[in-house]
Amino acid sequence: MREENDATAIREIAHAWHVRLSEFDLSENEKADFKAWLEQDPRHEDAYERAVAIASATRRLSRDQIDPNLLPEKRRRVGHVWPGQSLESGLARSLRVAPAALVLMALAFIALPFPRTQAPPPAISEVKSETYESGAGQHIEISLADGSSVALGPGSEISVAFSPDLRDLTLHRGSAYFDVKPDVSRPFKVTSNLVTATVLGTQFDIRHSQDLTRIAVAEGRVSVSHPLILDGDQTSLSTQHILSAGQQVAASPTIGFESVLEIDPDTIAEWRNDRLVYNGARLAELISDADSYDDKSV
């Protein structure tokens with residue numbers, strides 16, 4: 001609990017430094033204080049980089065595009081530091097403690113080692129893993145242990161890891177269509193490249209070509225997440241979309257999510273009938289998909 005409180009306080013201070021640096025001209029002494037704070041603990045630099053990324057994300061993204069795990073941090077009001085006001089008094093206002101108490105807390109961070117109590121490791125359920133591959137021009141129908149099924153497209157590979165606590169799949173290449181049996185205690189997660197699709201029960205398609213991943217929903221709803229890309233760089237934050245039936249989104253490691261498109265649900269996963277239907281596809285995708293078929297089946 002102490003360690004969790006320490007981490008929360010570090011995040012609060014990092015956000016306050018970001019406000020101060022963004023909105024006011026700091027004196028040389030204040031800049032030196034900021035540099036010294038960054039160097040005190042590796043977590044300080046990580047927390048500050050996260051604060052910068054969150055501030056940028058809230059300016060660029062709508063609420064429903066931000067991973068729900070970030071919303072409590074996004075909503076937290078950091079004490080606004082006005083000219084002539086010390087950083088400590090601004091933070092004290094946001095944390096509702098006296099400035100002197102905050103100074104003592106900051107000194108405690110510097111002077112005292114963080115106690116690290118070893119919690120007992122959580123019980124680990126047995127995980128059963130399997131990998132399936134399809135050859136050029138070959139379709140494979142896979143029946144999963146939970147009653148769900150996967151149609152694997154040509155030239156594809158997927159790994160499946162099931163336990164009483166999880167249903168995790170990874171599409172390494174190619175395409176796969178999922179018909180998921182609902183299980184509220186075990187969300188069904190599929191990862192492809194940097195995209196993660198999470199569902200309870202639905203039908204959806206994932207196609208991974210080159211560095212682009214497309215997710216299309218035929219039935220139900222799917223939550224898809226991808227690392228937030230800022231100025232071409234991947235951050236530790238995640239963005240998300242909630243896709244309904246007849247919606248598709250693509251993502252790549254260099255730009256993150258593209259715009260959500262409305263599509264005809266009847267055209268989703270038509271590759272199962274040896275028909276390749278595209279909506280907003282790139283030439284590289286067409287070439288990659290064509291390579292997964294042999295000459296006879298194209």
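The values are calculated or read from the model by the stated rules, or taken from the named source; none is laboratory data. Here the structure is a predicted model, which is why all the values come from computation and not from measurement. Virtual Cβ from ideal backbone geometry, glycine too; neighbours counted across all protein chains shown.
See the values below:
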item	result
Tally of residues being surrounded by 24 or more Cβ atoms within 10 Å (Cβ to Cβ), over 21 Å from Ser143 (Cβ atoms) and β-branched (Val, Ile, Thr) across segment 170-212	1
Given (1) surrounded by fewer than 16 Cβ atoms within 10 Å (Cβ to Cβ); (2) at pLDDT 75 or above, number of the condition Ile10 does not satisfy	(1)
Tally of residues being modelled with pLDDT of 80 or more, charged (D, E, K, R) and not in a helix (DSSP H, G or I) across segment 22-53	1
The one condition in (1) more than 27 Å from the chain's Cα centre (by Cα); (2) of a type in the set (Asp, Glu); (3) at pLDDT 75 or above that Asp291 fails to fulfil	(3)
Residues (within 11 Å of His208 (Cβ to Cβ) and of a type in the set (Val, Ile, Thr)) located in segment 145-196	Ile158, Thr170, Val190, Thr191, Val195
Residue that is modelled with pLDDT under 50 and within 26 Å of Thr198 (Cβ to Cβ), where the choices are Arg60, Arg76	Arg76
Flag if Arg214 is in contact with a helix residue (DSSP H, G or I) (Cβ under 9 Å, 6 or more places away or on another chain) and either in a loop (DSSP other than H, G, I, E, B) or of a type in the set (Lys, Arg) (or both)	yes
Residues that are surrounded by fewer than 16 Cβ atoms within 10 Å (Cβ to Cβ) and either on the phi > 0 side of the Ramachandran plot or not hydroxyl-bearing (Ser, Thr, Tyr) (or both), drawn from segment 143-158	Ala145, Asp146, Gly147
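This table checks each residue for (1) in a loop (DSSP other than H, G, I, E, B); (2) assigned by TED's automatic domain parsing to the domain that holds Thr213; (3) more than 22 Å from Leu194 (Cα to Cα).
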{"site": "Ala136", "(1), (2), (3)": "yes, yes, yes"}
{"site": "Ile142", "(1), (2), (3)": "no, yes, yes"}
{"site": "Ala145", "(1), (2), (3)": "yes, yes, yes"}
{"site": "Ala151", "(1), (2), (3)": "no, yes, no"}
{"site": "Gly155", "(1), (2), (3)": "yes, yes, no"}
{"site": "Ser159", "(1), (2), (3)": "no, yes, no"}
{"site": "Thr170", "(1), (2), (3)": "no, yes, no"}
{"site": "Arg173", "(1), (2), (3)": "no, yes, no"}
{"site": "Ala176", "(1), (2), (3)": "no, yes, no"}
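Matching residues to (1) within 20 Å of Trp271 (Cα to Cα); (2) at pLDDT below 95; (3) of a type in the set (Phe, Trp, Tyr):
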residue	(1), (2), (3)
Gly137	yes, yes, no
Asp146	no, yes, no
Gly201	no, yes, no
Phe204	yes, yes, yes
Gly220	no, yes, no
His226	no, yes, no
Gln234	no, yes, no
